[in-house]
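First the structure, in the form of structure tokens, and then the observations on it.
The values are calculated or read from the model by the stated rules, or taken from the named source; none is laboratory data. Remember, it's a predicted structure, so these values are computed and weren't measured experimentally. So basically every Cβ, Gly included, is an ideal-geometry build from the backbone, and we count neighbours across all protein chains shown. Each accessible area value is taken on the protein alone, full model and side chains, heavy atoms only, with ligands, DNA and RNA left out. Shrake-Rupley method; radii C 1.70, N 1.55, O 1.52, S 1.80 Å.
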Amino acid sequence: MKIHHLAKETSILNKFLSEIRSTDIQKDSMRFRRNIERIGEILGYELSKKLASETKKVQTPLGTKQVEIPVNDVILCSILRAGLPLHNGLLNYFDDAENAFISAYRHHPNNDAEFEIVVEYFASPSIDGKTLLLVDPMLATGRSLVAVYEAIKKYGTPKEIQIVSVIGASEGVEYVANNFPENTSLWIADIDEGLNDKGYIIPGLGDAGDLAYGTKM
């Protein structure tokens, strides 16, 4: 798996990352969602450079111009609910993409730190032969992404997989790399040092779904 770690280079991306991490700024849920969306736009732009393209002739009022344009059949597949702002950012750029949504959550059967990933809902067009953008803002243990991939692949085989995340833990990134096919790339804004005993990213930012949409029962 090829890993693209964007925060390794200084850019405006780091400003948005600092704001979603800040306990003061992240209290504004609308700004949190917008910053995740803007990070999605940046990730989508960088990702677009690696897609297949072809030359097209465009007619202007004064002549014609040849332009290299990406031509992949893209499907955006987001993990509910935390993936929605990131999905919107990508959709701002891949505005003609097809869309898919899947649910995945941690279930704690013994009410302790141990959990299993439950996947209950999947709505998608055919993914056969297409470029699948698998969208999940927080790549912690990596188990959610792997569970989602196992559920999705029953419905077809994509041409390639591009995973799009905001923040990940190094061990989660490694787990995903070991459990996805070779034609997978990871586009991630930043990678943190590890996980706490509950499987949350340290220093991370907290629960992205709660910060975007409010606490859940």
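So here's what we get for this one:
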| read-out | value |
| --- | --- |
| Potential lengthening between K153 and M30 on full extension [0.36 nm per residue; Cα-Cα distance subtracted] | 40.9 nm |
| For the stretch 1-103, share of DSSP beta bridges that run antiparallel, in % to the nearest 5 | 55 percent |
| Check: the chain dipole with +1 on Lys, Arg Cβ and -1 on Asp, Glu Cβ, in debye | 620 debye |
| Simple spin-label estimate for N14 and V58 in nanometres, 7 Å along Cα-Cβ | 3.3 nm |
| Cα shape, the stretch 132-187, gyration tensor, a/c 1.5 rule | prolate |
| The chain: antiparallel DSSP beta bridges as a percent of all, rounded to 5 | 35 percent |
| Using a Förster distance of 25 Å, the FRET efficiency for E193-S22 (Cβ separation, nearest 0.05) | 0.85 |
| Dipole-positive endmost among L134, Y121, Q162 within the stretch 119-217 (Cβ charges, Cα centre) | Y121 |
| Signed unit charges on C-beta, dipole axis of the chain, positive-most listed residue A151, C77, T60 | T60 |
| Sequence-distant lysines (8 or more away, or on other chains) whose Cα lies within less than 19 Å of K57 | K65 |
| Over 16 Å [Cα-Cα, the stretch 20-76], rounded percent | 63 percent |
| Residue order for I3, I152, I117 - accessible surface, 1.4 angstrom probe, largest first | I3, I117, I152 |
| Set K153/K198; K130/K153; K27/K216; K50/K130 screened for pairs whose C-alpha atoms are more than 20 Å apart | K153/K198 |
| Whether the stretch 64-210 is rounded, prolate or oblate, judged on the alpha carbon gyration tensor where a/c under 1.5 counts as rounded | prolate |
| Highest-first arrangement of 81-91, 206-216, where packing means the average Cβ count within 10 Å | 81-91, 206-216 |
| Candidate lysines - alpha carbon under 16 Å from K49, same-chain residues fewer than 8 apart omitted | K2 |
| Cβ crowding within 10 Å averaged over residues, with 185-194, 9-18, 130-139, 31-40 ranked highest first | 130-139, 31-40, 185-194, 9-18 |
